[in-house]
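A short worksheet on the structure shown next.
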Amino acid sequence: MIELLLNLNPGLIIILAGMICAVLPASQIRKLLVIAAPIAGIVSISTLYTDQEVIGGIIEVGRQSFTTLRIDSLSLIWGYIFCVVGVLNGIFGLHEKCQITDSSALIYMGSAIGGVFAGDLLTLFLFWEIAAVSSVPLIWKGGERAYAAGVRYLAIHIFSGVALLAGAIIYGRANGGDFTFGHIGLNAPGGWLILLAMGIKCGFPLLHNWMQDAYPKASITGTVILSAFTTKLAIYALARGFAGEDILIYIGAAMTVFPVFFAVIENDMRRVLSYSLNNQLGYMVCGIGVGTSLAMNGVAGQVAVHIIFKSLLFMSMGAVLYRVGTIKGSELGGLFRSMPLTTVFCLVGAASIAAFPLFAAFVTKAMIISAVIKEHHYVISFILLFASAGVMEHSGIKIPYFTFFSHDSGRRVEEAPWNMLVAMGLASALCLFFAFPFGGYQFLYSLMPYAADYDPYTADHVIFQLQLLFAAIVAFALLKRLRIYPAERRAEIIDFDWTYRKLGLSVVKWLGAMWMRLNAVSANMRDRFAGSLGRKLQQVFSPAGTFSAGSPVNLPYVLTAAMLFICLIGVYIGAS
Amino acid sequence: MANAEIKTMEDLTLEERERAEAHPLAVPFLFLGRKSFQDKFIYIALIGLLITIGLGFIYPLHHPAPYDVMPASWGWIGFLSYSFLVLCAKPLFKLLARPESYYGEDPNMDLDHIPEEQPHD
């Protein structure tokens with residue numbers, strides 16, 4: 001027991017804080033806990049980890065043991081950055097006095113941290129499901145329209161959990177009951193099911209729609225919190241289980257490209273950012289597919305900086321929504337006059353995601369692209385560069401331009417509340433610090449899973465990256481001048497979720513109607529059949545029936561029990 | 001006499017009104033919203049592009065891909081990719097855009113967020 005407490009998964013501390021929040025009516029103490037719990041998580045991780053892999057917190061349940069704690073060089077950076085963004089989210093949400101949000105946020109964050117420190121697949125599954133269930137209230141807090149999106153989100157994530165559990169059981173049985181979460185690979189039994197589970201959570205093409213459906217509808221604070229954990233937990237799981245699987249290179253490349261086409265025509269700025277999130281995950285998946293130490297370092301670094309700058313961008317859009325009451329690009333514009341600090345923070349986030357030198361992604365994204373080129377995947381590297389221009393379009397230009405500049409919408413509002421400004425300021429400082437050439441990026445690199453021998457500030461890298469970004473800005477300015485750049489227009493942009501939200505629903509409705517009709521037509525027939533079947537069973541099984549004729553009175557029971565036993569054997573054989 | 005010099009909002013010119021309404025920190029940057037500045041912005045980007053193209057010849061890529069044989073390759077990729085994306089927007093919008101109530105959900109949902117938040121300031 002003492003061993004268990006000394007090796008407590010830091011995620012469990014945060015989950016416990018979340019459970020306390022659920023019953024704590026005093027909002028000031030709750031807010032203190034929301035910020036203190038992730039700080040306690042950072043302290044716990046740094047105490048537990050001492051440059052060596054730490055395995056502990058082993059719990060025996062029946063014949064199954066659960067390794068609830070494993071901290072190594074791969075999981076370390078995820079754990080730290082989850083805690084850091086947890087503190088930022090806590091500050092950002094200080095204005096919102098909502099017990100459910102505080103409690104859900106902590107339990108959700110704790111389960112994500114618990115997941116990255118899970119030593120076996122069954123523990124991972126438990127945290128995976130807790131993360132799914134605990135995050136739904138954050139979506140439902142977004143209002144009436146968020147309810148259906150939350151239900152869809154929950155269904156998809158529970159399905160992901162079921163796939164993970166099924167894959168884990170198949171994998172564990174094939175390994176003689178060993179569920180250790182290490183490299184799995186696609187050739188392992190259950191590998192594809194586990195990949196499917198992770199693919200759903202990190203938004204593989206055609207499995208991605210839950211993100212663009214739920215995130216823009218969540219509450220202001222909820223979207224910021226949601227953007228940080230679920231997908232990065234999945235990226236961690238992929239990095240742990242499927243590094244070096246070639247198929248991920250192609251899936252990742254597809255993920256970088258398709259969202260940029262949707263982002264360019266989307267009017268809801270938080271939905272644009274959801275597509276942007278999907279696009280950034282593509283770089284990470286691609287890097288995992290390459291699987292070299294350079295690529296894996298790039299993935300870990302990209303996860304760390306992406307969590308910060310994507311939170312920052314969602315925070316700035318949240319601040320706009322909070323003050324203006326809408327986040328539709330067609331209704332915004334000219335807000336830099338009223339919200340200058342929010343504008344500056346949004347521009348820092350935009351420059352960071354676009355990978356301008358001295359801004360966060362510049363020191364990490366290049367590692368992934370370099371690794372792709374070094375492995376001679378030239379077509380993929382070209383696709384990643386194409387997607388980089390896309391990132392510049394949707395997050396580097398569209399988000400700040402249409403929100404804060406563009407035509408003056410005439411809206412004069414107050415600057416964001418102080419807590420939002422503090423959270424955005426800290427996130428901006430981190431974006432600059434992680435890319436700072438003198439000690440900044442070196443600190444980030446020291447947290448990476450492999451020794452990082454990479455210098456992002458070479459003359460050629462700075463020059464060619466700026467060349468790409470300046471060319472994209474020239475294209476934007478030119479297309480604006482020529483009036484070719486499309487204006488923001490209100491619309492619902494349909495994506496692959498049309499298949500289940502419209503087509504699937506129509507099919508189910510049609511089947512329901514057909515069933516009702518069939519029911520009405522066949523009611524008499526069914527009644528006659530049921531009556532006839534009942535009479536026949538009565539004739540055979542009743543004490544006066546065929547089985548009892550000339551036999552001891554208990555024989556029907558014995559025969560029925562034998563039949564059930566045979567069924568049971570059949571089910572058992574089928575299941576094993 | 002002094003009262004006669006006080007101007008109401010209606011008396012202010014557009015520029016004065018903009019300054020009066022703007023956040024104090026935004027006042028020195030109001031030029032960013034002017035069309036004349038936004039029209040000239042292309043020249044800043046163009047100068048940046050030309051400088052980086054020139055420097056690209058002096059500091060070529062250490063690990064070039066086959067497509068990097070073309071001079072200013074990343075510039076071309078950035079310009080053409082961006083333009084392609086924007087040019088795709090019109091046909092894509094025609095193909096994929098539906099009325100906001102297409103899925104039967106309230107398109108004015110943004111306003112739902114506000115009452116739930118409890119501002120502290």
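Observations, loosely collected:
- The simple spin-label model puts a point 7 Å past each Cα toward its Cβ; for A:A561 and B:V27 those points are separated by 9.5 nm.
- Around A:S406: net Lys/Arg minus Asp/Glu count, Cβ-Cβ under 13 Å: +4
- Here the stretch A:82-174 yields Rg over Rh of 1.04, to two decimals, using C-alpha coordinates and the Kirkwood radius.
- Where GluC sites (Glu not before Pro) in DSSP loops with at most 15 other Cβ within 10 Å are excluded, longest remaining stretch of chain A: A:145-413
- 10 Å Cβ neighbours from other chains, averaged over peptide A:362-373: 1
- Rh (Kirkwood; distinct C-alpha pairs) - the stretch A:373-418, Å: 13.5 Å
- Solvent-free Debye scattering, log10 I(q)/I(0), computed from the Cα coordinates of the stretch A:270-368 at q = 0.17, 0.18 Å⁻¹: -0.75, -0.82
- Note that the stretch A:243-492 shows a convex hull volume over its alpha carbon atoms of 117 Å³ per residue.
- Percent of C-alpha pairs per 5 Å bin, the stretch A:1-76, short to long: 3, 14, 22, 20, 16, 12, 8, 4, 1
- Inter-chain neighbour count for A:455-467: the average number of beta-carbon atoms from partner chains within 10 Å of each residue's beta-carbon is 6.
- Normalised by the number of residues in the stretch A:243-492, the mean separation of alpha-carbon contacts (under 8 Å, six or more apart) gives a relative contact order of 27 percent.
- Once the Cα atoms are used to define both axes, helix A:293-324 deviates from the longest principal axis of chain A by about 80 degrees.
- Chain A, helix-only ellipticity at 222 nm - DSSP H runs n ≥ 4, -39,500 (n - 2.57), divided by all residues, nearest 500: -23000 deg cm²/dmol
- C-alpha long axis of helix A:191-201 to longest principal axis of chain A, angle in °: 50 degrees
- Volume per residue that the Cα convex hull of the stretch B:7-59 spans, once the total is divided by residue count, Å³: 77 Å³
- From phi via Karplus (6.51, -1.76, 1.60), per-residue ³J(HN,Hα) for the stretch A:386-397 in Hz, x at Gly/Pro: 4, 5, 5, 5, x, 4, 4, 5, 7, 9, x, 10
- Trypsin sites (Lys or Arg not before Pro) within the stretch A:10-94, DSSP loop, no more than 11 other Cβ atoms inside 10 Å: A:R63
- Inter-chain Cβ neighbour count for B:97-104, averaged per residue, equals 6 (cutoff 10 Å, partner chain atoms only).
- Taking a ≥ b ≥ c as the square roots of the eigenvalues of the Cα gyration tensor, an a/c ratio of 1.5 or more together with a/b no larger than b/c marks the stretch A:349-408 as oblate.
- Kirkwood Rh, Cα atoms: Rg over Rh of the protein assembly as shown: 1.06
- Residue pairs, from the table A:K310/A:K365; A:K480/B:K35; A:K328/A:K398; A:K328/A:K365, whose Cα atoms sit over 18 Å apart: A:K328/A:K365
- Pairwise label distance in nanometres, A:A36 with A:V151, each label 7 Å out on the Cα-Cβ vector: 4.0 nm
We did not get these values from a lab; they are worked out from the coordinates using the rules stated. The shown structure was predicted, so the numbers you read here are calculated from the model rather than taken from an experiment. Cβ atoms come from the backbone with ideal geometry, glycine included; neighbour counts cover every protein chain shown.
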